[in-house]
1. Please pick out the residue among 10, 28, 14 that is in a helix (DSSP H, G or I), surrounded by 11 or more Cβ atoms within 10 Å (Cβ to Cβ) and either in contact with a helix residue (DSSP H, G or I) (Cβ under 6 Å, 6 or more places away or on another chain) or at pLDDT 85 or above (or both).
2. Within the stretch 69-80, does at least one residue satisfy the condition of being surrounded by 10 or more Cβ atoms within 10 Å (Cβ to Cβ), outside any loop (DSSP other than H, G, I, E, B) and modelled with pLDDT of 85 or more?
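The values are calculated or read from the model by the stated rules, or taken from the named source; none is laboratory data. These figures come from a predicted structure and were not determined experimentally. Cβ sites come from the backbone with ideal geometry, for glycine too, and all protein chains shown count toward neighbours.
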């Protein structure tokens with residue numbers, strides 16, 4: 001180490017800077033599955049499964065509603081005719 005206090009302070013500041021940069025780099029390069037034991041990734045995948053299943057149920061419900069509505073109009077003889 002240098003005897004000059006300015007050089008010592010600069011070296012100390014650069015060491016802290018390098019430590020923080022390496023910590024940031026470690027956080028950026030960590031995969032979601034490995035971050036904190038993968039607990040956060042498990043939560044994200046569970047939320048995705050829930051959203052996917054709800055989306056499927058809503059889609060099926062809308063399809064069944066419109067299918068039954070159209071079938072009811074056909075049964076009652078009120079089917080809409082499209083003009084060509």
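1. The match here is 10.
2. no
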